[in-house]
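> The structure's right below; bear with me while I get my questions together.
The values are calculated or read from the model by the stated rules, or taken from the named source; none is laboratory data. Keep in mind it's a predicted model, so treat the numbers as computed, not measured. Don't worry about glycine lacking a Cβ; one is built from the backbone with ideal geometry, like all the others, and counts go over all protein chains shown. What goes into the accessible areas is simple: the full protein's heavy atoms, side chains included, and nothing from ligands, DNA or RNA. Shrake-Rupley method; radii C 1.70, N 1.55, O 1.52, S 1.80 Å.
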Amino acid sequence: MRLIILISILGLLMASIFLLSPSSNGSSCFKKPYDVPDCRAKASQGDAQAQYFLGTFYLEGREGLEADYKKTLELYTKAAEQGHVWAQFNLGLMYKDGQYLKEKPTLAAKWFLEAAKSGHANAQYVLGALYLVGEGVPKDIQMIYLFWNLAASNGHDKAKIAIKSLTKKMSQTELRSAKSLLSKWKEKYTVSIK
């Protein structure tokens, strides 16, 4: 019986690989060699992953495209609004650093928060740092604890060190409150990506 199930699963996997394989020339939007026209077509149809890939091509000026930060912002925003976690994180970076556009700390915090909700460890760590310095968000030791603890539990090494140091500086009342906040967060957002 197990053999029949295993053969059935293997057959389904093979069929899905065949059905999902890129075009006959071996290229697609998501696999090298990248097919930019395929990306454009998928992005225009609302495919968040294609919007993200195409935005990255414009950001880095690659795959035959000239760097165009305005186009990157447009594509990343479309993907991020659909919940694409890497587009959310990269938008946070773009707004935080002001490297490609004007710094907007509040928008940076907004997009880092969206990525943090999906378990993005780097977004959680950076968001904790924003709460530490009060950039785009108010200074708040409990929020620092929340986001650094989440990042640490998602494998972020710097957060593991930072949370130990932070915990030593917190009062028992702050720590109890922060742990309660963390518990509520985990009940609401249990996703983790690494």
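> Can you give the extra length, in nm with one decimal, that the chain gains between Gln45 and Glu60 once fully stretched, where that is 0.36 nm per residue apart less the Cα-Cα distance?
On the way: separation 15, 0.36 × 15 = 5.40 nm, distance 2.27 nm.
The span from Gln45 to Glu60 would gain 3.1 nm if fully extended.
> Here's another thing I want to ask about it. Considering the Cα positions of the range 84-124, please state its Rg to one decimal place and its Dmax as a whole number of Å.
That works out to 9.1, 27 Å for Rg and Dmax.
> Right, another one. With the crude spin-label approximation of a point 7 Å out along Cα→Cβ, what separation in nm comes out for Lys168 versus Asp97?
Result: 3.1 nm between the two label points.
> May I pose another question? What per residue convex hull volume, in Å³, comes out for the range 118-182 when only alpha-carbon positions are used?
Cα convex hull per residue, to the nearest whole number: 76 Å³.
> Roll a 1.4 angstrom probe over the protein heavy atoms and tell me the percent of accessible area of the range 46-149 that is carbon or sulfur. Let's see the in-between values first.
Details: 2260 of 4530 Å².
Here carbon and sulfur together make up 50 percent of the probe-accessible area.
> Follow-up. Is the shape of the range 24-70 rounded, prolate or oblate, going by the alpha carbon gyration tensor and its root eigenvalues a ≥ b ≥ c, with a/c under 1.5 for rounded and a/b larger than b/c for prolate? Could the numbers behind the result be given before it?
Numbers: a/c = 2.24, a/b = 1.27, b/c = 1.76.
Oblate, since a/c reaches 1.5 and b/c is not below a/b.
> Whole-Å semi-axes of the range 53-147's equivalent ellipsoid, largest first, each the root of 5 times a Cα gyration tensor eigenvalue?
They are 26, 13, 9 Å, listed from largest to smallest.
> If we count every other residue with Cβ under 14 angstrom of Gly98's Cβ, Lys/Arg +1 and Asp/Glu -1, where does the sum land?
Details: positive: Lys96, Lys102, Lys104; negative: Asp97, Glu103, Glu135.
Net local charge, Gly98 excluded: 0.
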